[in-house]
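Everything on this sheet refers to the single structure shown next.
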């Protein structure tokens, strides 16, 4: 019996062929270069860590999203990283605990989850991002939004838009301004998240209905949110959003959805999603959060963002123009070939008499020290 599936890959995993791999390299390089120019120092983290470490540095990180297995050396449970942010939090709290604050770090690498998100079956993704450790101020939040926009633009994204949210909105309102029984808080969050007005009334959250309409283009939505603000409990957050918008408004289209919670498991007062034209779904998210200490208690304030640019990579690869390639015949002038490579040419050297320049995808041929079009 023949093994017919030996070359199949598991669901949600795939190869990148040359055009895609080239686009991925460009996106990674351009985005990380932007982060570095803004003072973010590059760190690298292992693909595998102890499960306990990955699950204990950020609130609400689910180990169920991680591939887990037993380490044959320590006999402890290991996990494949599903989010590099938590690893950077560990670095900040341990190896760089004495480094001056605010601490700026950036990273890039692959992450893997047990299953995809919603209708997206992909289980391995490229994650790029920055973490600004030691503060979650408005100025810090504005900086990370600016860097995220600039990084995506440098990577090739166009028509960038940013959607702001307030992840702790229901917690803030339900404490005093619009009291809710503890058993209803999560239900109200879910109904707001799904934009279900009827469901919101059914779970006792009718006072929160105006939040469903405080969405859309930023200027109009923030005015509706300000009018809704009960007792001024959201005044500082609204002022913060206005300040961030003033700094980044000319660089991207801004919208507001103050009650959006999906994807903001550990963010605190501020969060954002980032999108680009002709790329389906979001390209990343970010916001403010806290890095838990070694005992699981509230530790340092921080903010940052994670970009997941795989769909942008696919779009760039699909639109990539063929690159000129220079065929080097047998016995070619090696010095001339080196000079042409130095000014940007890609060369393909013949290895035998049967090598065909056109079949190898070449557009030019080295002839007498010059590139001649085929």
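Observations on the structure shown:
- The single residue among 44, 30 that is modelled with pLDDT of 95 or more, exposed (fewer than 11 other Cβ atoms within 10 Å of the Cβ) and either under 14 Å from residue 107 (Cα atoms) or assigned by TED's automatic domain parsing to the domain that holds residue 103 (or both) turns out to be 44.
- Looking across 215, 230, one residue alone is in contact (Cβ under 8 Å) with a residue 24 or more places away in the chain, surrounded by 14 or more Cβ atoms within 10 Å (Cβ to Cβ) and in contact with a helix residue (DSSP H, G or I) (Cβ under 9 Å, 6 or more places away or on another chain). It is 215.
- Of the residues making up the stretch 300-308, one or more are within 29 Å of residue 219 (Cβ to Cβ), over 19 Å from the mean Cα position of the chain (by Cα) and not assigned by TED's automatic domain parsing to the domain that holds residue 186.
- The set of residues from the stretch 324-369 being without any contact (Cβ under 8 Å) to a residue 24 or more places away in the chain and either in the same structural domain as residue 153 (by TED's automatic domain parsing) or in a helix (DSSP H, G or I) (or both) comprises 334, 335, 338, 339, 341, 342.
- Qualifying residue in the stretch 54-68 (condition: modelled with pLDDT of 95 or more, closer than 23 Å to residue 122 by Cα and touching a helix residue (DSSP H, G or I) at 6+ places or on another chain (Cβ under 9 Å)): no
- Some residue of the stretch 296-316 being part of a helix (DSSP H, G or I) and in contact with a helix residue (DSSP H, G or I) (Cβ under 6 Å, 6 or more places away or on another chain): yes
- Scope the stretch 250-267; condition surrounded by 14 or more Cβ atoms within 10 Å (Cβ to Cβ) and either over 18 Å from the mean Cα position of the chain (by Cα) or within 13 Å of residue 221 (Cβ to Cβ) (or both); matching residues: 251, 253, 254, 255, 256, 257, 258, 259, 260
Here is a yes/no grid of residues against (1) more than 20 Å from residue 272 (Cβ to Cβ); (2) within 31 Å of the chain's Cα centre (by Cα):
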| position | (1), (2) |
| --- | --- |
| 175 | yes, no |
| 179 | yes, no |
| 183 | yes, no |
| 191 | yes, yes |
| 196 | yes, yes |
| 199 | yes, no |
| 207 | yes, no |
| 211 | no, yes |
| 216 | no, yes |
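- From the options 172, 158, 165, 135, residue that is surrounded by fewer than 20 Cβ atoms within 10 Å (Cβ to Cβ) and in contact with a strand residue (DSSP E or B) (Cβ under 7 Å, 6 or more places away or on another chain): 135
The values are calculated or read from the model by the stated rules, or taken from the named source; none is laboratory data. Since the structure is predicted, the reported quantities are computational estimates derived from the model, not experimental observations. Cβ coordinates were reconstructed from backbone atoms using ideal geometry, including for glycine residues, and neighbour counts include every protein chain displayed.
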